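The values are calculated or read from the model by the stated rules, or taken from the named source; none is laboratory data. Because the structure is a prediction, the values reported are computed rather than measured. Ideal geometry is used to build each Cβ from the backbone, glycine not excepted, and the neighbour counts take in all protein chains shown. Surface areas here come from the heavy atoms of the whole protein model, side chains and all, with no ligands, DNA or RNA. Shrake-Rupley method; radii C 1.70, N 1.55, O 1.52, S 1.80 Å.
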Amino acid sequence: MKKIYIVAISAIILSIALIFFLSPKILVKKVKETSEKREEEDHMELAIQQDFELTKDLRLNEVPRERLINAMSIKKQRIAARGLQPDVAVTGINWQERGPNNIGGRTRALLFDLNDAANGYKKVWAGSVGGGLWYSNDITAANPSWNKVDDLFENIAITAIAQNPLNPQEMYFGSGEGWYNSDAIRGLGIWKSTNGGATWSRLTSTISFKYINDLLVDKNGNLYAAIKQQFSSDPFGIQKSADGGVTWTNVLGTYSGVNLPGGDLELAANGDVYATLGASGRTGVIYRSDFTANGATTGDVSTWANISPSGTSAFRIELACAPSNANIVYALFQASTSGNCNSIQRYDASTNSWTAKTVPTIVDQGGNSNFTRGQAWYDLIAAVDPNNENSLYIGGIDALRSDDAGSTWTQMTSWSLYNAPAFTAAQNVHADQHAIAYLPGSSSIAIWGTDGGIFYTADANVAGSKPAFLEKNSGYNVTQYYSAAIHPTNPNYFLAGSQDNGTQIYTVAGINNTTEASDGDGGYCFIDQNNPNIQITS
């Protein structure tokens, strides 16, 4: 037995010796192969990771972007103290905008300006999720002139706009897109204007409001914000301010012991406030605050009633109030088991009852699919005709209209005219619809906010045929880009991959139109620096 042990121990020692003898060669070979492979790759992800490590807060393990506000202020003070001119003179860098001016971008916030009543409400405000705040003084013009309000807001990821019905000079916009799409930009709170949008200032009380899904001002002038939190210490749910944004109170947000994000906010004609909680992966719930019963206390935490219909399990919920009947509200539900809108229901406040409606399909490149095609967590919107409680528009991938309170539907737009014989170029509205706004009091004039910018129709209620839509993106320069590739010898030629607007080709100097090299979502693109005839899009 001892001899066997000795042999076994000798074998083990020999094996260890061989491992130590051979492993350096194996390691050198692997290192060499890895090094050669790395030389063939750019490894941009390592540069991004390095930037993250250099700028993150060690306690939060997150880049505290909100601190850029103070950093920029300190920078300006120090430059001024040294008697220097800001930015261009100091850095020697002079940026020139290149547009394009013919391609829109994702738009979640639209508002007909109540201050423009004497002019027929032609003035429209638009907020882009990556391109800032804009307005046009005449949306009815063939090519409306768009004006960017400020390139230098501390944050330009605008997601919601609201106006005080008691004082339309008081306006608000919120920042930070909270619907869980991976390209969402974190916000930095709410901005306020007291002079009809001429100037804006950030509400310092909202610095921790990082993702604002909706804003609303009720008939008492109270301001509400629907918020998704980032960290557990952040505000969440529905926040209310009774003093124009100076202080805030959480009035809704915890359901079944879980802190939920705020979703949609809607104001009924009689002053009732409706709010939803929930989003992708979070159980949805609907609340109502009765204006008549609560009077000036509308929205206080003790005055909300859970009116969620029984038997409906949903995440994101989108609402639409009927302006002509304060009792009627429609709700669109994203299924908790899929990304589709699987339920549409109508609520009657006079009886506190719900009625299930039909969920429509769309003709989608020759086939039929749910109108949200698995993306109700991202694109889901509804609006009711100001003069007809039974006429309802909904949007997901495409738009549909019902004239019988949701029992039957007619598809009104087609993002792709391929194999869609019932549609013409007049119904070719961009896919992924996020906002619908009717001109106050009008059944015929409405505007759409989509991943492709803004679309307008003057016959939204046309009977017996489909309305004609006009693209209103000329000069609305908010396209969201992911990448660019520059030509080695022609400084005016480059490719740029954009969010849901393909990869665009730039060919001339200045702000001009571009053409599309490839469609869909434009990802990384490439121009060979030795042979620029070789170009790649993705």
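Okay, here's what the table says:
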item	result
Selected residue (criterion: nearest to Asp290 (Cα to Cα)) from residues of the stretch 313-342 that are polar (S, T, N, Q) and crowded, with 20+ Cβ neighbours inside 10 Å	Gln334
Hits in the stretch 202-235 - residues which are in contact (Cβ under 8 Å) with a residue 40 or more places away in the chain, hydrophobic (A, V, I, L, M, F, W, C) and over 24 Å from Ala382 (Cβ atoms)	Leu203, Ile207, Phe231
Tally of residues being among the charged types (D, E, K, R) and modelled with pLDDT under 95 across the stretch 123-147	0
Residue, farthest from the chain's Cα centre (by Cα), within the stretch 93-115, restricted to residues that are surrounded by fewer than 19 Cβ atoms within 10 Å (Cβ to Cβ) and under 20 Å from Leu215 (Cβ atoms)	Asn115
Criterion (of a type in the set (S, T, N, Q) and under 27 Å from Glu177 (Cα atoms)) met by exactly one of Gln365, Gln375	Gln375
Whichever residue in the stretch 289-313 is assigned to a loop (DSSP other than H, G, I, E, B) and at pLDDT below 80 and, among such residues, is farthest from Ala382 (Cα to Cα)	Asp300
Residue identified as closer than 22 Å to Leu265 by Cα and polar (S, T, N, Q) among Thr457, Thr450, Thr413	Thr450
Residue that is farthest from Gln345 (Cα to Cα), among those in the stretch 355-413 that are of a type in the set (A, V, I, L, M, F, W, C) and open to solvent by 50 Å² or more (accessible area, probe 1.4 Å)	Val363
Of all residues making up the stretch 361-400, the number that are in contact (Cβ under 8 Å) with a residue 60 or more places away in the chain, under 25 Å from the mean Cα position of the chain (by Cα) and under 15 Å from Tyr330 (Cβ atoms)	10
Qualifying residue in the stretch 347-360 (condition: of a type outside the set (Val, Ile, Thr) and without any contact (Cβ under 8 Å) to a residue 12 or more places away in the chain)	yes
Listing of strands (runs of 3 or more DSSP E) fully contained in the stretch 442-538 that carry 2 or more residues being at pLDDT 95 or above and open to solvent by 20 Å² or more (accessible area, probe 1.4 Å)	469-471, 481-486, 515-518
Residue match in the stretch 431-438 (condition: open to solvent by 10 Å² or more (accessible area, probe 1.4 Å), out of contact with any His (no Cβ under 7 Å at 6 or more places or on another chain) and on the phi > 0 side of the Ramachandran plot)	yes
Single residue of the stretch 233-273 satisfying the filter (open to solvent by less than 40 Å² (accessible area, probe 1.4 Å) and β-branched (Val, Ile, Thr)) that is nearest to Arg59 (Cα to Cα)	Ile238
Scan of the stretch 223-232 for residues that are modelled with pLDDT of 95 or more and open to solvent by 10 Å² or more (accessible area, probe 1.4 Å), ordered by number	Lys228
Matching strands (runs of 3 or more DSSP E) fully within the stretch 314-358 where at least 2 residues are within 27 Å of the chain's Cα centre (by Cα)	314-321, 328-335, 341-348
Per-region count, the stretch 221-251, residues within 22 Å of the chain's Cα centre (by Cα) and hydrophobic (A, V, I, L, M, F, W, C)	7
Looking only at the stretch 176-220, and only at residues there that are under 13 Å from the mean Cα position of the chain (by Cα) and of a type in the set (S, T, N, Q), the one that is most open to solvent (accessible area, probe 1.4 Å)	Ser182
